[in-house]
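J.: Shown below is the structure under consideration.
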Amino acid sequence: MALTSDQMVLLYRNMVRADQFNKMMYRRMMQGKLIGFYHPAEGAIAPGVGASTFLNQDDNLSPHHRGHGITHMLCKGIDIKYYLAEHTGKETGCCKGRSAFHFSFPEHKVYMMSGFIGYNFAPVVGWGFAAKRRAQGQVVMNCSGDGSYGQGRAHEAMLMSQNWQLPVIFFCENNGMSIFSTAQEMHPQENIASLADGFGMPSIIVDGQDVFAVAEASLQAIERARTGGGPTFIEAKTLRFNEHDIGTPDLSGWEERSAEEHEAMRKREPIRIATERVLGDSLLTQNEIDQIIEDALAEIEAVEQFADESPIARPPVEELMAGVFAD
Amino acid sequence: MREITFIDAIREAYEEEMRRDNSVFIVGQDVRGAIFPHTKGLVEEFGPERIVDTPIAESGMYGVAFGAAQEGMRPVCDFMFGGFSYVTFSECSVTTGQYHFLHGSQHPLPLVITAGVGTGQRLANDHAMSIHGTFAHHPGIKVAMPSTPYDAKGMFKSAIRDNNPVVIPWHMGIMMLKGEVPELGDDYVVPLGVADIKREGSDVTVLANSLQLQHALTVAEKLAGELSVEVIDPRSFVPFDMDTLLTSLEKTNRLVVVDEDWESGGFAATVSARVMEQGFDLLDAPVTRVTLPNMPVPGGYMEEYVAPNPERIEAAIRAVCA
Ligand SMILES: Cc1ncc(C[n+]2csc(CCOP(=O)(O)OP(=O)(O)O)c2C)c(N)n1
Ligand SMILES: [Mg+2]
């Protein structure tokens with residue numbers, strides 16, 4: 001599915017935004033201006049951008065935990081200021097400042113996040129089930145890492161989605177790592193997409209450093225799901241430039257990841273790959289790119305200002321108790 | 001005696017037990033690289049056959065421990081964070097608890113379940129919840145939680161040697177707490193099922209564990225001169241040392257139970273009921289509990305006042321002594 005120039009420019013803009021948002025989160029964690037932890041997405045932003053940019057408002061999205069889903073959510077049109085406010089414990093946060101790193105934007109059909117890796121595989125079946133019954137072409141974009149496919153529930157979700165031909169896209173962001181463990185050691189085959197074969201589910205393996213390739217594959221899967229063609233497995237091969245989460249050692253197994261590994265990874269920097277493409281195809285000029293970066297920085301400044309100026313959430317226990325059950 | 005940290009004390013217990021008994025091994029995720037330092041460096045001595053990393057597959061990971069224990073090994077299954085054990089809850093609670101008894105009490109299941117637990121990192125419910133109360137609810141599983149480096153080393157050794165499934169989480173809030181521990185090679189154990197009086201007093205008994213024990217001791221010190229607070233660490237929840245508690249109540253006649261778990265259906269509720277049943281005549285005031293309110297543990301800035309803390313413990317002590 002060839003992308004139009006407008007689509008490519010939108011993808012490029014979202015790449016720049018995602019990259020700058022990730023840098024902002026990294027910086028704030030280092031400055032002690034985030035609650036909890038942060039799992040940096042540097043090197044791994046193209047899969048989320050490619051998967052999420054062309055979703056409709058009423059499509060379900062389960063963002064990957066890496067980058068805390070920001071890459072994905074901002075491409076779906078979600079205003080990240082409410083998430084940053086949440087991550088800084090503020091009253092204006094998307095979960096009223098009570099959740100640390102969890103997000104919830106039900107109006108955008110990004111319902112939830114849980115600290116349990118692989119949690120997404122249970123609800124996506126229900127979203128797909130509902131979408132199929134509703135029959136309005138709604139699709140479910142289910143993004144998670146290579147490691148999450150170790151969970152039995154991943155296999156249950158694939159089984160049922162394929163049995164019932166649900167409009168669920170199993171979007172695997174394979175960065176080859178799960179904390180210190182390599183996918184090479186933890187998965188018996190080179191491609192996680194091989195799992196789809198056992199269910200007879202069509203699969204696509206794509207270069208996850210190339211946002212345009214990811215978007216093309218995603219559009220193909222979205223189209224199939226929207227038109228009743230059932231699930232697709234997409235494996236985006238990507239990289240993790242940083243340690244698993246800020247402050248944790250950067251190990252492979254129990255040894256430091258090597259300088260050579262880092263050097264080789266950095267050659268596959270996704271923003272640079274995208275920039276070379278848009279310049280090479282004369283889709284954007286350097287001046288326009290500079291403007292896109294400036295816009296992203298201005299957007300982020302406003303987001304940070306909103307979070308920083310919002311009051312800390314410290315409601316009394318009685319008020320919290322009143323929120324445990326719905327009316 | 002030398003001083004070491006709480007988390008190093010757990011590691012020493014692993015080291016000594018693994019050297020002593022070749023059937024002991026650790027299974028978890030990223031335990032070789034030591035996502036928490038209680039497994040740091042172990043792979044270098046014991047190799048990846050005994051310091052075993054699995055995929056993110058808690059059911060399979062626990063299955064390794066469960067099945068290997070049935071085959072006569074002594075596994076330690078590390079869930080990293082306590083909440084992750086719930087991913088394989090039917091296996092590690094229901095099936096584990098019933099295995100020995102329901103099959104005619106003929107085949108023991110010697111395994112250890114551990115994980116970091118507790119509030120203090122502002123991460124919210126899934127990364128902050130306690131698990132001891134939930135496991136204690138399932139008969140057939142021993143449940144304990146150490147509060148000092150000395151107890152950590154001795155209790156982990158006991159847990160590994162026990163012929164039953166033992167759930168022994170450790171609280172992340174006291175990970176770096178330092179304390180005295182006997183010299184290396186001094187093969188002491190702290191038996192499961194024995195409480196410990198951590199501070200003697202005569203006006204009121206406070207039962208508290210782990211991070212909350214530290215809070216209780218702080219408050220007891222603060223109130224010294226005004227109120228004499230006896231602080232008891234249950235150490236084990238199952239079996240629970242009721243004798244030590246009742247003996248203390250004979251002296252103090254007042255009880256505050258601090259438990260970093262929900263109010264409803266937790267260990268504190270069990271203790272209160274048992275004291276009413278077995279020691280009603282000893283009480284001069286109703287038992288008072290300091291627990292988590294019955295809401296998913298909030299993260300952010302709410303954790304510090306929602307969870308039990310020194311202020312709430314002090315208020316409870318004053319109320320029960322009023
Ligand atoms: C049920 C559960 N087990 C373990 C963890 C600890 N954990 C957090 S992130 C992670 C690795 C996830 O790997 P992957 O899915 O490949 O995503 P990546 O971090 O590589 O982006 C693990 C093991 C967890 N959060 N939840
Ligand atoms: Mg990964």
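J.: It is to be established whether one or more residues within segment B:48-55 are within 16 Å of ligand 1 (Cβ to nearest atom) and part of a loop (DSSP other than H, G, I, E, B).
T.: Yes, because at least one residue in segment B:48-55 is within 16 Å of ligand 1 (Cβ to nearest atom) and part of a loop (DSSP other than H, G, I, E, B).
J.: Would you check if B:GLY104 is assigned to a helix (DSSP H, G or I) and surrounded by fewer than 19 Cβ atoms within 10 Å (Cβ to Cβ)?
T.: no
J.: Need the failing condition index for A:ALA221 against (1) away from ligand 2 (no atom under 14 Å from the Cβ); (2) in a helix (DSSP H, G or I); (3) open to solvent by 60 Å² or more (accessible area, probe 1.4 Å), just the number.
T.: Every listed condition holds for A:ALA221 apart from (3).
J.: Let me ask another. Give me the helices (runs of 4 or more DSSP H) completely within segment A:132-216, filtered to those with at least 3 residues that are more than 16 Å from ligand 1 (Cβ to nearest atom), open to solvent by 30 Å² or more (accessible area, probe 1.4 Å) and without any contact (Cβ under 8 Å) to a residue 60 or more places away in the chain, ordered by residue number.
T.: In segment A:132-216, the matching helices (runs of 4 or more DSSP H) lie at A:152-163, A:194-199.
J.: Is it the case that A:ASN175 is within 26 Å of A:ASN60 (Cβ to Cβ), within 15 Å of ligand 2 (Cβ to nearest atom), at pLDDT 95 or above and within 14 Å of chain B (Cβ to nearest Cβ)? Show your work before the answer.
T.: Values: within 26 Å of A:ASN60 (Cβ to Cβ): yes; within 15 Å of ligand 2 (Cβ to nearest atom): yes; at pLDDT 95 or above: yes; within 14 Å of chain B (Cβ to nearest Cβ): yes.
Yes, satisfied.
J.: Considering only residues that are facing chain A (nearest Cβ under 10 Å) and buried (at least 18 other Cβ atoms within 10 Å of the Cβ), look in segment B:46-58 and name the one that is farthest from A:HIS187 (Cα to Cα).
T.: Checking each candidate, the answer is B:ILE51.
J.: Anything in segment A:225-248 that is within 14 Å of chain B (Cβ to nearest Cβ) and surrounded by fewer than 15 Cβ atoms within 10 Å (Cβ to Cβ)? List them, or say none.
T.: A:GLY247 - this is the single residue of segment A:225-248 that is within 14 Å of chain B (Cβ to nearest Cβ) and surrounded by fewer than 15 Cβ atoms within 10 Å (Cβ to Cβ).
J.: Go through (1) within 14 Å of chain A (Cβ to nearest Cβ); (2) touching a His at 6+ places or on another chain (Cβ under 9 Å) one by one and return the number of the condition B:SER147 breaks.
T.: Status for B:SER147: all satisfied but (1).
J.: Taking only segment A:92-131 into account, find how many residues are more than 16 Å from ligand 1 (Cβ to nearest atom) and either over 15 Å from A:HIS65 (Cβ atoms) or assigned to a loop (DSSP other than H, G, I, E, B) (or both).
T.: Of the residues in segment A:92-131, 21 are more than 16 Å from ligand 1 (Cβ to nearest atom) and either over 15 Å from A:HIS65 (Cβ atoms) or assigned to a loop (DSSP other than H, G, I, E, B) (or both).
J.: Another question, if that's okay. If only one of A:LEU55, A:LEU84, A:LEU74 is within 14 Å of chain B (Cβ to nearest Cβ), away from ligand 1 (no atom under 16 Å from the Cβ) and modelled with pLDDT of 95 or more, which one is it?
T.: Matching residue, one of A:LEU55, A:LEU84, A:LEU74: A:LEU84.
J.: Go through A:GLU319, A:GLU255 for me and flag whichever is over 27 Å from A:LEU34 (Cβ atoms), within 12 Å of another protein chain (Cβ to nearest Cβ) and open to solvent by 90 Å² or more (accessible area, probe 1.4 Å). Walk me through how you get there before you give the answer.
T.: Numbers: A:GLU319 fails: over 27 Å from A:LEU34 (Cβ atoms).
Exactly one of A:GLU319, A:GLU255 is over 27 Å from A:LEU34 (Cβ atoms), within 12 Å of another protein chain (Cβ to nearest Cβ) and open to solvent by 90 Å² or more (accessible area, probe 1.4 Å), namely A:GLU255.
Every residue, every condition in (1) under 15 Å from B:VAL112 (Cα atoms); (2) of a type in the set (A, V, I, L, M); (3) within 19 Å of the chain's Cα centre (by Cα), yes or no:
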| site | (1), (2), (3) |
| --- | --- |
| B:ILE7 | no, yes, yes |
| B:ILE10 | yes, yes, yes |
| B:ASP53 | no, no, no |
| B:VAL64 | yes, yes, no |
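J.: Find all pairs meeting these conditions: Cβ atoms under 7 angstrom apart; at least six residues apart or on different chains; first residue within segment B:50-75 and within 18 Å of B:PHE156 (Cα to Cα); second residue of a type in the set (Gly, Ala, Ser).
T.: B:MET73/B:SER23; B:ARG74/B:SER23; B:PRO75/B:ALA65; B:PRO75/B:ALA68; B:PRO75/B:ALA69
J.: Within segment A:29-48, can you find the residues that are more than 14 Å from chain B (Cβ to nearest Cβ) and either without any contact (Cβ under 8 Å) to a residue 24 or more places away in the chain or within 15 Å of ligand 1 (Cβ to nearest atom) (or both)? Explain how you work it out, then say what you get.
T.: Keep residues of segment A:29-48 that are more than 14 Å from chain B (Cβ to nearest Cβ), which gives A:30-31, A:40-48.
Within segment A:29-48, A:GLN31, A:PRO40, A:ALA41, A:GLU42, A:GLY43, A:ALA44, A:ILE45, A:ALA46, A:PRO47, A:GLY48 meet the criteria.
J.: Determine, yes or no, whether B:PRO75 is within 12 Å of chain A (Cβ to nearest Cβ) and under 22 Å from A:TRP254 (Cβ atoms).
T.: no
J.: Of the conditions (1) under 23 Å from the mean Cα position of the chain (by Cα); (2) aromatic (Phe, Trp, Tyr); (3) within 14 Å of chain B (Cβ to nearest Cβ), A:PHE212 satisfies every one except a single condition; which number is it?
T.: (3)
J.: I've got another one for you. Among the residues of segment B:9-45, how many are open to solvent by less than 30 Å² (accessible area, probe 1.4 Å), within 14 Å of ligand 1 (Cβ to nearest atom) and of a type in the set (A, V, I, L, M)?
T.: Within segment B:9-45, residues that are open to solvent by less than 30 Å² (accessible area, probe 1.4 Å), within 14 Å of ligand 1 (Cβ to nearest atom) and of a type in the set (A, V, I, L, M) number 3.
Let's see how each residue does on (1) over 29 Å from A:PRO315 (Cβ atoms); (2) open to solvent by 20 Å² or more (accessible area, probe 1.4 Å); (3) over 16 Å from the mean Cα position of the chain (by Cα):
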position	(1), (2), (3)
A:MET15	yes, no, no
A:ALA41	yes, no, no
A:GLY50	yes, no, no
A:THR53	yes, no, no
A:HIS64	yes, no, no
A:MET73	no, no, no
A:ASP79	no, yes, no
A:GLY97	no, no, yes
A:GLY115	no, no, no
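J.: Hey, another quick one. Quick check on my filter: what residues within segment B:59-98 are surrounded by 22 or more Cβ atoms within 10 Å (Cβ to Cβ) and charged (D, E, K, R)?
T.: B:ARG74, B:ASP78
J.: Test A:THR71 against the criterion of being hydroxyl-bearing (Ser, Thr, Tyr) and assigned to a loop (DSSP other than H, G, I, E, B), and give yes or no. If you could, list the steps in order and put the result at the bottom.
T.: Details: hydroxyl-bearing (Ser, Thr, Tyr): yes; assigned to a loop (DSSP other than H, G, I, E, B): no.
Answer is no for this residue.
J.: Could I ask something else about it? State yes or no: is A:PHE241 under 18 Å from A:GLN138 (Cα atoms) and either assigned to a strand (DSSP E or B) or within 16 Å of ligand 2 (Cβ to nearest atom) (or both)?
T.: No; evaluated as a whole, the condition is false for this residue.
J.: Right, A:ALA100: of a type outside the set (S, T, N, Q) and within 16 Å of ligand 2 (Cβ to nearest atom) or not?
T.: For A:ALA100, the condition - of a type outside the set (S, T, N, Q) and within 16 Å of ligand 2 (Cβ to nearest atom) - is not met.
The values are calculated or read from the model by the stated rules, or taken from the named source; none is laboratory data. What you see is a predicted model, and the numbers here were worked out from it, not measured in a lab. Virtual Cβ from ideal backbone geometry, glycine too; neighbours counted across all protein chains shown. These area figures cover heavy atoms from the full protein model, side chains too; ligands, DNA and RNA do not enter into them. Shrake-Rupley method; radii C 1.70, N 1.55, O 1.52, S 1.80 Å.
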